[in-house]
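The structure under discussion appears below in the form of structure tokens.
The values are calculated or read from the model by the stated rules, or taken from the named source; none is laboratory data. Note that this is a predicted model, so its numbers are computed, not measured. Cβ placement follows ideal geometry from the backbone for every residue including glycine, while neighbour counts extend to all protein chains displayed.
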Amino acid sequence: MKVYDELVARGLIAQVTDEEEIKEKINTGEATFYIGFDPTADSLHIGHFMALCLMKRLQKAGNKPIALIGGATAMIGDPSGRTDMRTMMTGDTIRHNCDCFKKQMSRFIDFSEGKALLVNNMDWLKDLNYIDVLREVGMHFSVNRMLAAECYKQRLEKGLSFFELNYMIMQSYDFLVLFKKHGCKLQMGGDDQWSNIIYGVDLIRRTEGEEAYGMTFSLLQTSDGRKMGKTEKGAVWLDAEKTSPYDFFQYWRNVDDADVIRCLKMLTFVSLEEIAEFEKYEGSALNSVKERLAFEVTKLIHGEEEAVRARDAAKALFVGNVTAEDMPSTVISADKFADGALPVLDLLTECGLIASKSEGRRLIEQGGINIDEQKIGDVYAAVPIEQFDKGYVVIKKGKKIYHKAALQK
């Protein structure tokens, strides 16, 4: 099966500007394409994972990816999918986040021997002359058309700043620069980026008189339309320091039955033939498919050794044959211990074991919380810092969930 047809079969492609041209370039390995990543945090997250998987698939087929880190566009913030303006970050924060992105991408995409490029739009956007931009670029943008775009239309009721209105122009200019400098004729992004992408295609046609192309991929959503990648602890990150390989594994191990096949198709390199066999599974048999999904995705991000460890730890926890080394853990800062003790409810919250204090109180009242094999019966109980003399305490929630709370050294 040709690579483009496989993308379609895996449900990855949402929209394209010219399917026949894009299909031809991708299938022959001739496409130089780019995907942009704005460094709004110090780690990539599951939302970026789809883009990274797509880049990896196309690179394996001989195409050349360009990973664009938006050091400049992050200073404005993409209004797509937002109901309010993003918090503005300092230059130092953005630079730090860019460095973190580079390290993570380099573990996933092969940048050796010119097989891929890593660029930062700060390199060409920071020194632009405002009047030149207005004359050479701004003249090609119709405000009426821009405001009709989905990414802006949803913001008009609450207020869209001129500051944010420039984002589309900057992203389009990025495409123009990469087209001229690196021969990049294809921009890809999530399907919420469609408006930004087609304006870049249009800008190249108007200024260069040449054709460029755009393609969007499906966003990672559950079968009922919710965005994937959130837990009680918050976002699921690709950085092992922010989301441990074990927690990362468990996120995928616990996806809904209705989502496991979609995730296997979109996020792993398991063959479509093997996945077709998995589609016949029902009920408890799907647990083995979920474990396969969790292992494959964890291996892609954290390596096979960590994936094996996470899988073995999950099995040990399930059967009760568990050691402290196997457990997911949270580091607790000493300054959390007011008067030398930390309330149990606060400890459970810090470890992400409860979504609310009311849930914690209910668990304690039902006898569902043990700390160091001692059942907690008082909702106002606190754990003294001296109990961390071995460096940690072990929390057991219910019958099968174990967690290690370690005191920061």
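Return yes when Phe295 is aromatic (Phe, Trp, Tyr), within 19 Å of the chain's Cα centre (by Cα), crowded, with 18+ Cβ neighbours inside 10 Å and at pLDDT 85 or above and no when it is not. Full working, then the answer.
Values: aromatic (Phe, Trp, Tyr): yes; within 19 Å of the chain's Cα centre (by Cα): yes; crowded, with 18+ Cβ neighbours inside 10 Å: yes; at pLDDT 85 or above: yes.
Against the criterion (aromatic (Phe, Trp, Tyr), within 19 Å of the chain's Cα centre (by Cα), crowded, with 18+ Cβ neighbours inside 10 Å and at pLDDT 85 or above), Phe295 qualifies.
Among the residues of the stretch 121-138, how many are surrounded by 10 or more Cβ atoms within 10 Å (Cβ to Cβ) and assigned to a helix (DSSP H, G or I)? Can you show your working first?
Residues of the stretch 121-138 that are surrounded by 10 or more Cβ atoms within 10 Å (Cβ to Cβ), as a first pass: 121-126, 128, 132-138.
Filter once more, so that each one left must be assigned to a helix (DSSP H, G or I): 122-125, 132-136, 138.
Residues flagged as surrounded by 10 or more Cβ atoms within 10 Å (Cβ to Cβ) and assigned to a helix (DSSP H, G or I) within the stretch 121-138 amount to 10.
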Restricting attention to the stretch 207-227, and to residues there that are small (Gly, Ala, Ser), assigned to a loop (DSSP other than H, G, I, E, B) and closer than 15 Å to Asp191 by Cα, which single residue is modelled with the lowest pLDDT?
-> Gly225
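Would you tally the residues in the stretch 161-194 being out of contact with any Gly (no Cβ under 6 Å at 6 or more places or on another chain), touching a residue at least 60 places away in the same chain (Cβ under 8 Å) and closer than 17 Å to Gly70 by Cβ?
Filtering the stretch 161-194 down to residues out of contact with any Gly (no Cβ under 6 Å at 6 or more places or on another chain) leaves 161-171, 173-174, 176-186, 188-191, 193-194.
Now narrow it down to the ones that are touching a residue at least 60 places away in the same chain (Cβ under 8 Å): 161, 163-164, 166-167, 170-171, 174, 178, 182-186, 188-191, 193-194.
Next cut, closer than 17 Å to Gly70 by Cβ only: 163-164, 166-167, 170-171, 174, 178, 182, 184, 188-190, 193.
Total satisfying the criteria: 14.
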Positions within the stretch 8-60 being touching a helix residue (DSSP H, G or I) at 6+ places or on another chain (Cβ under 8 Å) and in a strand (DSSP E or B), in sequence order = Ile13, Ala14, Gln15, Val16, Thr32, Phe33, Tyr34, Ile35, Gly36, Phe37
Note down all Cβ pairs under 6 Å where the first residue falls in the stretch 326-338 and is closer than 25 Å to Phe249 by Cα, the second is among the aliphatic types (A, V, I, L, M) and surrounded by fewer than 20 Cβ atoms within 10 Å (Cβ to Cβ), and they're at least six residues apart or on different chains.
-> Asp326/Ala316; Ser329/Ala406; Val331/Ala406; Ile332/Leu407
Of the conditions (1) crowded, with 21+ Cβ neighbours inside 10 Å; (2) assigned to a loop (DSSP other than H, G, I, E, B); (3) not assigned by TED's automatic domain parsing to the domain that holds Glu291, the single one that Thr243 does not satisfy is (3)
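Please go through the stretch 376-393 and pick out each residue that is closer than 12 Å to Leu347 by Cβ and in contact with a strand residue (DSSP E or B) (Cβ under 7 Å, 6 or more places away or on another chain).
Within the stretch 376-393, Ile376, Ala382, Val383, Pro384, Ile385, Gln387, Phe388, Tyr392, Val393 qualify.
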Unique residue being more than 27 Å from Lys396 (Cα to Cα), surrounded by 20 or more Cβ atoms within 10 Å (Cβ to Cβ) and not assigned by TED's automatic domain parsing to the domain that holds His403 when the list is Leu272, Leu267 | Leu267
